[in-house]
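Written below as structure tokens is the structure these notes are about.
The values are calculated or read from the model by the stated rules, or taken from the named source; none is laboratory data. Please read all numbers here as calculations on a predicted model, not as lab measurements. Cβ atoms come from the backbone with ideal geometry, glycine included; neighbour counts cover every protein chain shown. Calculation scope for accessible area: heavy atoms of the full protein, side chains included, ligands and nucleic acids excluded. Shrake-Rupley method; radii C 1.70, N 1.55, O 1.52, S 1.80 Å.
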Amino acid sequence: MNNTLRIFFCALLVSSCTANDPVIGLTDKVFEIAKIQYSAMDSCLTERQNPCIADKEGRLRTAGQGWWGSGFFPGSLWYVYEYTADTGFRDLAWKHTDRLSVLIDGKTDHDIGFQIHCSYGNALRLTRDSSAILPTYIAAAQKLGRRFSPVTGTIKSWDNLRGRWTYPVIIDNMMNLELLTNAARICGIDSLASIAVSHASTTMKNHFRKDYTTWHLVDYDPATGAVISKETVQGYSDDSAWARGQAWALYGYTMMYRETGIEDFFEQAVKVADMLLDKLPEDGIPYWDFNAPGAPEGFSSSDCPPVRDASAGAIMASAFIELNMLTGKKAYLEMARTQLLTLGSDEYLAKPGENGFFLLKHSVGSYPEGRDIDVAISYADYYFLEALVRYSRL
Ligand code: GLY
């Protein structure tokens with residue numbers, strides 16, 4: 001069945017949200033809090049500052065436009081505009097989106113996909129003024145496309161090789177492909193879509209273990225395309241299942257099926273989703289690594305207290321909602337509901353004025369580097385808002 005038909009039949013099967021659904025009430029509440037938090041956040045930022053994280057004391061840390069996550073704050077503002085129709089937030093979203101135009105002439109890596117698709121991509125989706133948006137969007141897609149090698153069949157993720165890698169590709173890179181497929185559709189540049197398909201197919205072959213968990217990084221020989229090593233740099237160990245990596249995989253293959261209609265991508269998304277349904281804790285929010293000591297499937301018996309990663313939970317929730325639309329499988333929607341309700345509880349959702357003006361608490365940046373552990377992080381907010389908007393449209 002092609003994906004248009006699949007979406008049509010599944011939409012008939014999916015139970016629509018009812019007025020009594022607690023997620024609907026939660027969504028109104030979250031967007032009200034978001035308006036308060038992000039107005040305050042905006043007034044803290046200079047032109048070159050982009051919100052990055054807030055620590056447990058609520059201290060905000062910012063980064064420049066070159067930071068890989070610089071598209072998430074503008075993107076979150078676009079979701080606030082989309083849900084509330086408050087044009088003040090459209091203007092705010094545009095202000096923070098426009099600041100990323102400097103990326104086109106600057107040094108970037110594969111994450112230009114996250115940076116530009118979450119900001120300019122949402123602007124394109126939600127406004128009619130494509131003349132101000134398209135040149136930057138297409139230039140970014142072409143810049144990303146130039147990182148592709150037909151020898152490896154993939155886009156190179158990082159240039160800073162730290163003396164460790166030759167041609168590293170990380171699972172996160174699946175998320176950057178939406179910039180390519182969308183730009184290809186808008187402008188008829190088929191080569192960009194072919195690059196995305198090649199990257200996703202090669203990643204499917206080389207990144208996954210037999211149980212459909214994924215390594216974080218595969219290093220390639222750029223001369224032959226052979227795999228040199230498989231590692232999990234941001235996880236507990238090379239053989240462990242780093243939670244955000246699994247979330248990127250779920251979202252990435254669900255999105256690539258929606259974008260291309262290729263059945264292999266659909267099957268991969270379903271395999272990853274079913275693996276996650278087996279592994280996720282009852283409240284739906286994963287430990288930062290499924291195999292971290294102290295987690296139910298932890299590799300070691302040490303009693304080191306495991307930390308959750310709200311960002312991985314939010315990314316998964318958004319992807320589970322979309323995959324439910326594509327499959328009609330209720331278990332995916334139920335997991336997304338559980339995740340959203342947990343993230344909306346007092347344990348995770350900040351009160352106005354708290355948490356450095358972010359929404360969600362308890363995410364993990366990079367545990368092995370001791371960086372950003374149990375903090376608020378901008379991409380957790382972005383995917384939480386996206387998931388709530390997607391849910392509200394069911
Ligand atoms: N793309 C970087 C991360 O997920 O931490």
Name every residue in the stretch 199-231 that is in contact with a His (Cβ under 9 Å, 6 or more places away or on another chain), in contact (Cβ under 8 Å) with a residue 24 or more places away in the chain and away from the ligand (no atom under 12 Å from the Cβ), in order of residue number.
-> His207, Thr214, Trp215, Val218, Lys230
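Each row is one residue, and each column tells you yes or no for (1) open to solvent by less than 10 Å² (accessible area, probe 1.4 Å); (2) over 16 Å from Asp190 (Cα atoms); (3) at pLDDT 95 or above.
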{"residue": "Val151", "(1), (2), (3)": "no, yes, yes"}
{"residue": "Leu161", "(1), (2), (3)": "no, yes, no"}
{"residue": "Arg164", "(1), (2), (3)": "no, yes, no"}
{"residue": "Tyr167", "(1), (2), (3)": "no, yes, yes"}
{"residue": "Asn176", "(1), (2), (3)": "yes, yes, yes"}
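With the structure loaded, tell me whether Phe89 is crowded, with 19+ Cβ neighbours inside 10 Å, of a type outside the set (Lys, Arg), touching a residue at least 60 places away in the same chain (Cβ under 8 Å) and in a helix (DSSP H, G or I) or whether it fails that test.
On the way: crowded, with 19+ Cβ neighbours inside 10 Å: yes; of a type outside the set (Lys, Arg): yes; touching a residue at least 60 places away in the same chain (Cβ under 8 Å): no; in a helix (DSSP H, G or I): yes.
It is false that Phe89 is crowded, with 19+ Cβ neighbours inside 10 Å, of a type outside the set (Lys, Arg), touching a residue at least 60 places away in the same chain (Cβ under 8 Å) and in a helix (DSSP H, G or I).
One line per residue, one yes/no per condition, for (1) out of contact with any Lys or Arg (no Cβ under 8 Å at 6 or more places or on another chain); (2) modelled with pLDDT under 95:
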residue: Gly25; (1), (2): yes, no
residue: Gln37; (1), (2): yes, no
residue: Ser43; (1), (2): yes, no
residue: Ala54; (1), (2): no, no
residue: Glu57; (1), (2): yes, yes
residue: Arg61; (1), (2): yes, no
residue: Gly66; (1), (2): no, no
residue: Gly75; (1), (2): yes, no
residue: Tyr79; (1), (2): yes, no
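Go through the stretch 104-148 and tell me which helices (runs of 4 or more DSSP H), entirely inside it, have 1 or more residues that are among the small types (Gly, Ala, Ser) and closer than 14 Å to Leu177 by Cβ. Break it down into steps so the answer makes sense when it comes.
Details: elements: 112-116, 122-126, 134-145.
In the stretch 104-148, 112-116, 134-145 are the helices (runs of 4 or more DSSP H) which contain 1 or more residues that are among the small types (Gly, Ala, Ser) and closer than 14 Å to Leu177 by Cβ.
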Those residues that are touching a Leu at 6+ places or on another chain (Cβ under 8 Å) and closer than 29 Å to Asp28 by Cα, I need them from the stretch 98-120; list them, please.
-> Gln115, Ile116, His117, Ser119, Tyr120
Given (1) among the hydrophobic types (A, V, I, L, M, F, W, C); (2) surrounded by fewer than 20 Cβ atoms within 10 Å (Cβ to Cβ); (3) touching a residue at least 40 places away in the same chain (Cβ under 8 Å), index of the condition Ala123 fails | (2)
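Kindly establish whether Ile133 is away from the ligand (no atom under 16 Å from the Cβ), of a type in the set (A, V, I, L, M, F, W, C) and open to solvent by less than 10 Å² (accessible area, probe 1.4 Å).
Details: away from the ligand (no atom under 16 Å from the Cβ): yes; of a type in the set (A, V, I, L, M, F, W, C): yes; open to solvent by less than 10 Å² (accessible area, probe 1.4 Å): yes.
Answer is yes for this residue.
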Regarding Ser131, is this residue hydroxyl-bearing (Ser, Thr, Tyr) and touching a Leu at 6+ places or on another chain (Cβ under 6 Å)?
-> no
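Scan Arg244, Arg162 and give me the residue that is within 16 Å of the ligand (Cβ to nearest atom) and free of Cβ contacts under 8 Å to residues at least 12 places away in the same chain.
Values: Arg244 fails: free of Cβ contacts under 8 Å to residues at least 12 places away in the same chain.
The match here is Arg162.
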Residue match in the stretch 55-64 (condition: on the phi < 0 side of the Ramachandran plot and crowded, with 23+ Cβ neighbours inside 10 Å) = no
Per-region count, the stretch 334-348, residues among the hydroxyl-bearing types (Ser, Thr, Tyr) and in a loop (DSSP other than H, G, I, E, B) | 2
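Given the criteria crowded, with 20+ Cβ neighbours inside 10 Å, of a type in the set (Gly, Ala, Ser) and within 15 Å of the ligand (Cβ to nearest atom), does Ala376 qualify? Steps first, please.
Values: crowded, with 20+ Cβ neighbours inside 10 Å: yes; of a type in the set (Gly, Ala, Ser): yes; within 15 Å of the ligand (Cβ to nearest atom): yes.
Judged against the criteria, Ala376 is a match.
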Name the single residue, out of those in the stretch 290-347 being of a type in the set (Phe, Trp, Tyr) and within 22 Å of the chain's Cα centre (by Cα), that is surrounded by the fewest Cβ atoms within 10 Å (Cβ to Cβ).
-> Phe290
Test set (1) under 24 Å from Tyr38 (Cβ atoms); (2) within 16 Å of the ligand (Cβ to nearest atom) - Glu369 fails condition number = (1)
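With respect to Ser101, determine if the residue is in a helix (DSSP H, G or I) and at pLDDT below 95. Walk me through how you get there before you give the answer.
Values: in a helix (DSSP H, G or I): yes; at pLDDT below 95: no.
No.
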